[in-house]
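The values are calculated or read from the model by the stated rules, or taken from the named source; none is laboratory data. Please read all numbers here as calculations on a predicted model, not as lab measurements. Glycine also receives a Cβ, built like all others from the backbone with ideal geometry; neighbour counts cover every protein chain displayed.
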Amino acid sequence: MVGLGSPRTGTIDAQSRAPFGWAPLVVLFIVGLVDRIEHNLLSGVLPLIQAEWGFSDTAAGSIPTAAALAAALVALPAGFLADRFSRTRIIAIVVFVWAIATLGSGLATGFAMFYMMRVVLAAAENIDNPASGSLLADYYPPASRAKAYGLTRVTTYLGGVGTLLGGVLAEAFGWRTAFLVMVVPGVLTALLVWMLREPRRGELDRLVASGEPVSAAAGAQQVKEAKPPFWSQFGQVIRIPTLVFVCIGLSFLTLGLAGIFYWMPTLMVRDYGVSVGTAGSLSGLITIVGTLTGTLVGSWLGRKWHGTRKGGRLLAGGSGITAGSLVLAGALSTDSIGTLTVLIMLSSSLMSIAIPNMTACLADVVSASARGLGFAVLQLLITAGGAFGSLVVGIASDQLGSLVGGMYILVIPMVVGGLVTLGARASFERDARKVMDDARS
């Protein structure tokens, strides 16, 4: 598989929807899926870990909060690295570190060691995101970016596979098994990424803007470009209005999703009387089916509305987030596990419409030389937004004696996130046009 991601014809065709083939997308999808499965194992096994070590809901809710804060600390440095060094190598090394941290989680001898391993895992996970986001924009042109980003970002919510896997394995073989089985996929994925061909930064944007073909050999030659100082580049990125709106909108959404879906299996066990395995399976089913459905619909809407409606992708994403948040509020009021499952699945589908559209929009409005940092800013704000969701629900549960009460608190910022996303429509066309103009010069 040497040369994985090289153009089949030897020439980079900017008119093609996949000039480098679909192999890079498949590899980066696998990276995201392994990442989220490892991350979400904890949600599925949490009741058994609490039973073994006896820590409170507040302590349990603080695990993802501490992990998210550690991840936030590395987000901007990760963007700096992604804009200056080989992105495929960065991702491969980071994925290997994930595998080691997951192994440490399964072998933890106490709560403190387990806690530390989850923090290390989260920090490592955040390092690959800017590199992956930047790579996709150099593999795929604007016309197919919604599909590319949709399939990779959908893995954020396909973490339900981890919840399902964790719950089933924990009930059958003990909670440690759930972590240990994920070590091998992590190592194999790292080797796969190492084989990916590194595309030249911005080459595809220049081809799309000029319409001129280029040989694969020429496209593979990396030209050393002078980079502005970090803080100067950071200032340029955060002055892009669309990026700011998209990042804020997604951070509010993530605040709610992180808290609600982290505690969903535990809610099902406590309030609906189902087993740990059943709760993990239902939670996993909700996120898998709901997210896949929403992403497919979102990709279709994004392709249909992009260029035909003002900020069409943002219209689809913002509307989906707002409607999905309101459906989620209704789901939390039901007493039936069946109704809860169906409504939350519908809510997930609606909110997932945003996945392919908002990340594609961000790639369209940030120049190739700064995309790593652009995605780092996105990841920083998403991580910061999600850092406190689980903790808010945990504290509210301890104080009110109700997980549902804490979950309701988080619906409000999710609705706000949808409305903020809709506000980004005003600046998108102008920001995207500037990127193409810069690529021509």
*For the stretch 71-91, what are the residues that are within 29 Å of TRP175 (Cβ to Cβ) and buried (at least 19 other Cβ atoms within 10 Å of the Cβ)?*
ALA71, ALA72, VAL74, ILE91
*Picking from LEU267, LEU328, LEU301, which residue would you name as being without any contact (Cβ under 8 Å) to a residue 60 or more places away in the chain and surrounded by 18 or more Cβ atoms within 10 Å (Cβ to Cβ)?*
LEU301
*Consider PHE80 carefully, then state whether it is modelled with pLDDT of 80 or more, in a helix (DSSP H, G or I) and among the aromatic types (Phe, Trp, Tyr).*
yes
*Would the stretch 30-44 turn up any residue that is farther than 29 Å from ALA170 by Cβ, in contact (Cβ under 8 Å) with a residue 24 or more places away in the chain and surrounded by fewer than 22 Cβ atoms within 10 Å (Cβ to Cβ)?*
no
_I'd like to know if the stretch 283-294 contains one or more residues that are over 20 Å from GLY150 (Cα atoms), assigned to a helix (DSSP H, G or I) and in contact with a Gly (Cβ under 9 Å, 6 or more places away or on another chain)._
yes
*Do you know which of the residues in the stretch 120-174 that are basic (Lys, Arg) and surrounded by 24 or more Cβ atoms within 10 Å (Cβ to Cβ) is farthest from ALA279 (Cα to Cα)?*
ARG145
*Within the stretch 268-282, which residues are closer than 14 Å to GLU171 by Cβ and not in a helix (DSSP H, G or I)?*
VAL274, SER275
*Output the residues belonging to the stretch 330-381 that are part of a loop (DSSP other than H, G, I, E, B), of a type in the set (Val, Ile, Thr) and within 22 Å of LEU204 (Cβ to Cβ).*
VAL366
_Residues that are closer than 21 Å to ALA68 by Cβ and of a type in the set (A, V, I, L, M), drawn from the stretch 248-304_ = ILE248, LEU250, LEU253, LEU255, LEU257, ALA258, ILE260, MET264, LEU267
_Based on this model, can you work out whether THR88 counts as under 26 Å from ALA360 (Cβ atoms), part of a helix (DSSP H, G or I), of a type in the set (S, T, N, Q) and at pLDDT 85 or above?_
yes
*From the list VAL416, VAL377, which one is at pLDDT 90 or above and under 22 Å from the mean Cα position of the chain (by Cα)?*
VAL416
_Scan the stretch 120-129 and tell me whether some residue there is more than 17 Å from LEU69 (Cβ to Cβ) and touching a residue at least 12 places away in the same chain (Cβ under 8 Å)._
yes
_Residue selected from the stretch 104-124 under the condition assigned to a helix (DSSP H, G or I) and touching a Lys or Arg at 6+ places or on another chain (Cβ under 8 Å), by the criterion nearest to VAL181 (Cα to Cα)_ = GLY106
_Residue check for THR102: within 30 Å of LEU169 (Cα to Cα), crowded, with 21+ Cβ neighbours inside 10 Å and among the polar types (S, T, N, Q)_ = yes
*asked:* Would you confirm, using the coordinates I've provided, whether GLY61 is touching a residue at least 60 places away in the same chain (Cβ under 8 Å) and either closer than 24 Å to SER134 by Cα or basic (Lys, Arg) (or both)?
replied: no
_GLY302 being more than 16 Å from MET358 (Cβ to Cβ) and either at pLDDT below 90 or of a type in the set (Phe, Trp, Tyr) (or both)_ = no
*State whether one or more residues within the stretch 304-319 are surrounded by fewer than 22 Cβ atoms within 10 Å (Cβ to Cβ) and under 21 Å from THR254 (Cβ atoms).*
yes
_Single condition THR421 does not satisfy, out of (1) out of contact with any Ser or Thr (no Cβ under 7 Å at 6 or more places or on another chain); (2) modelled with pLDDT of 90 or more; (3) more than 23 Å from ALA137 (Cβ to Cβ)_ = (3)
*Is it true that some residue in the stretch 217-233 is of a type in the set (S, T, N, Q), surrounded by fewer than 17 Cβ atoms within 10 Å (Cβ to Cβ) and at pLDDT 80 or above?*
yes
